[in-house]
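Reviewing the structure listed below.
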Amino acid sequence: MADPHRSGATPWLALLVGGLIVALAVLGYFLYSSAGRMEPKLPAAINVDITVPKAPPLPDAPRLPDAPIPVPK
């Protein structure tokens, strides 16, 4: 017969996993709902100065060869 007083790790593991799921659900709710939102202070103006040197001119393309002269038949 089975021992009715046998204790295992399954209830403790279920309690631990259940607590972890509840903690993640609460954390996800607060992050998703932005309950503790902190607005970052943005600067009044942003001045960006980008100076790019002018690219050198490209060389001329090679000249196409002349078309071949057809040979009479």
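A short reminder: the numbers here are calculations on the coordinates, not readings from a lab. This one's a predicted model, so the numbers in the text were calculated from it and none came from an experiment. We place every Cβ from the backbone using ideal geometry, glycine too, and count neighbours over all the protein chains shown.
Quick look at the values:
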{"item": "Spacing of the two label points (7 Å from each Cα toward its C-beta) at A45 and L16, in nm", "result": "6.0"}
{"item": "Added length on full extension, which subtracts the Cα-Cα distance from 0.36 nm per residue, R63 to V26", "result": "6.1 nm"}
